[in-house]
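See below for the structure under consideration.
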Amino acid sequence: MTDLDSRPATASAALAGTVAVLVSLVLGLAVVDPIPVLAGFVGGLCIAAGVWALRSDAHDRIAGGSVAIVIGAGVFCGTALLATDYWSLVMALGFPLAATLVVIDASSGLVPPTDVTDELTAMLDESFVVLVVGICVTIVCAVAAAVRLPWVLVRVVAGFSVHPLVGFVTLQAGVLLALLLLDKTTKTLESWIPEPTATTDRALGRLDWLGTGWWDIDRYVKAAVGLQSLVAFVPTAQGLFDSFLGSLPVLGSALRVALSGPLHLVLAAGLLPVLSILIVERFRQWLLQWLGDDPGRSLARQTGSIVVPVGLLLGALILTVAGVTRRVAPTYTGAGHYGSATVLLLGVLISVVVLRGLITLLSELVGAKLLSRQVAGFAAGSGLLFVMTLLGAERGLAPILVLVGSAAALLIWDAGAHASSIGQQLGRDAETTDSEFVHVTGTAAVLIGAILLVLLVRYVLIPVAVPATATGLSLSSVVALGLVLLAIAAFTLALNAHDGGPRTSSDRSGKRTERPTNDSD
């Protein structure tokens with residue numbers, strides 16, 4: 001935040017968010033089954049709370065916000081599984097999304113200034129990469145569970161056997177590889193130990209003595225190993241080597257057994273920790289580059305995308321090892337519960353991508369001067385609520401609720417725009433309660449009067465003038481509703497276009513506060 005907290009003024013912003021949540025919830029419950037609607041609102045409010053927590057300096061709050069956004073995205077996407085048809089899905093997602101956009105703009109601002117790092121965008125971008133890695137890991141675990149990978153590895157190790165000549169050549173190549181890896185491992189271990197002791201110095205010295213660089217190996221040795229690798233798989237050479245081992249009465253049998261596999265297992269056991277050290281070092285370098293200049297903040301932003309995959313993997317592991325066969329979720333023919341975890345993570349990833357695309361769209365509209373940054377969330381949320389109300393009318397929404405939804409959309413927009421204007425000019429914490437109360441009360445009074453006028457036209461004047469038994473909105477009432485809504489929109493624009501700035505509660509002299517607006521957007 002800057003010295004002046006230019007977020008929307010608290011009172012009007014809180015009113016806009018509250019009206020958006022209550023009206024959207026009532027309209028959603030009126031046209032769709034309650035379970036998907038409530039699930040959508042839980043997910044949307046989790047996302048809104050997470051966005052508010054992200055825009056802070058405390059790492060624990062950022063981590064909590066990251067977890068809330070990822071969980072909310074998963075719940076929001078899970079709503080699709082609860083909807084019975086396409087229209088129910090649209091309603092169950094549209095109303096919660098409208099309320100979520102308004103609440104985000106009211107609490108923390110949906111689109112930050114161009115000179116401020118957008119924590120939400122950074123978190124979504126980083127979470128996308130982490131979730132993709134988590135999905136790949138769960139897919140590998142699912143395949144491993146489907147083919148019973150541990151038992152496959154045991155059978156491969158137990159039945160491992162090669163021709164003695166092939167084993168003799170591969171052992172030489174393995175020893176050269178070990179010497180080359182030890183040379184790199186020594187340098188890695190030295191970088192890990194900032195202040196080595198005498199004991200560690202001796203240990204590192206021995207490893208350095210064993211390790212050899214590629215150019216330190218004699219070229220004749222490398223040529224000999226390469227030539228042997230070319231002829232080791234030739235049947236004639238293998239037959240001659242068998243004849244050689246057969247000419248050795250006792251030692252030949254022992255060499256045949258040792259070169260056929262046991263020595264390779266010993267060599268592999270020695271190479272495994274060396275390779276692990278090098279892999280860990282590569283991962284450490286990648287992690288440092290990924291976390292950037294502020295690792296604590298970056299890691300906090302990625303907490304949600306780390307915790308959720310780890311939690312699902314541990315849950316799938318416990319259920320799979322415990323042999324749980326009850327259909328907690330589909331297990332996908334032998335893949336254990338890792339398949340279910342993969343599907344859940346895919347749902348979360350889709351929600352993250354959709355949310356990132358929505359933020360990008362609003363940012364582009366702001367950049368193209370088609371939408372003001374200060375009211376992007378209020379405009380998008382109120383507009384979506386208005387559209388969803390009209391769609392709800394097609395689904396049998398009661399006329400009174402259609403009027404309430406339309407009026408609420410205009411009230412949300414007007415209150416949000418007024419709160420944003422105050423926040424931009426005077427700051428979020430300015431004492432402007434009187435000005436906000438008068439403005440919102442005037443708008444609400446006009447909207448209530450408009451609703452009463454439409455009801456009077458629909459249920460009193462039309463039945464008296466043209467008696468009819470048809471139910472629902474008639475053509476005349478629809479025309480009347482449209483004219484009234486146009487009048488409300490014109491009145492709202494007139495309110496927003498008044499001269500001067502907002503009054504503060506302490507300004508009793510009747511003069512406007514003269515503070516220039518510094519909006520670079």
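The values are calculated or read from the model by the stated rules, or taken from the named source; none is laboratory data. Computed from a prediction, not measured in an experiment: that's the story for all the values here. FYI the Cβ positions are ideal-geometry reconstructions off the backbone, even for glycines, and counts take in every protein chain you see. Side chains are part of the model used for accessible areas, which takes the heavy atoms of the whole protein and leaves out ligands, DNA and RNA. Shrake-Rupley method; radii C 1.70, N 1.55, O 1.52, S 1.80 Å.
For D125, the solvent-accessible surface with a 1.4 Å probe is about 70 Å², rounded to the nearest 10.
Solvent-accessible surface (1.4 Å probe) assigned to I279 amounts to roughly 110 Å².
The portion of the accessible surface of the stretch 1-144 made up by carbon and sulfur, rounded to a whole percent, is 73 (1.4 Å probe; DNA, RNA and ligands excluded). If R0 equals 35 Å, the separation of the Cβ atoms of K222 and R282 corresponds to a calculated FRET efficiency of about 0.85.
Would you mind checking the stretch 240-254 for residues with the amide N under 11 Å from a putative spin-label position 7 Å along Cα→C-beta of V231? Within reach of a label on V231, which here means backbone N under 11 Å from a point 7 Å along Cα→Cβ, the stretch 240-254 contributes 240-241. Calculate log10 I(q)/I(0) of the stretch 1-157 for q = 0.12, 0.16 Å⁻¹, where I(q) comes from the Debye formula with a single equal point scatterer on each Cα and nothing for solvent. So the normalised log intensities are -0.64, -0.95. Taking all protein chains as shown and a probe of 1.4 angstrom, H264 keeps an accessible surface of around 30 Å².
First measure r as the distance between the Cβ atoms of E364 and V387, then evaluate 1/(1 + (r/R0)^6) with R0 = 25 Å and state the FRET efficiency to the nearest 0.05. Between E364 and V387 the formula returns 0.80. What is the sum of charges around E281, taking Lys and Arg as +1, Asp and Glu as -1, for the other residues whose C-beta is under 11 Å from the C-beta of E281? Residues close to E281 contribute a combined charge of +4.
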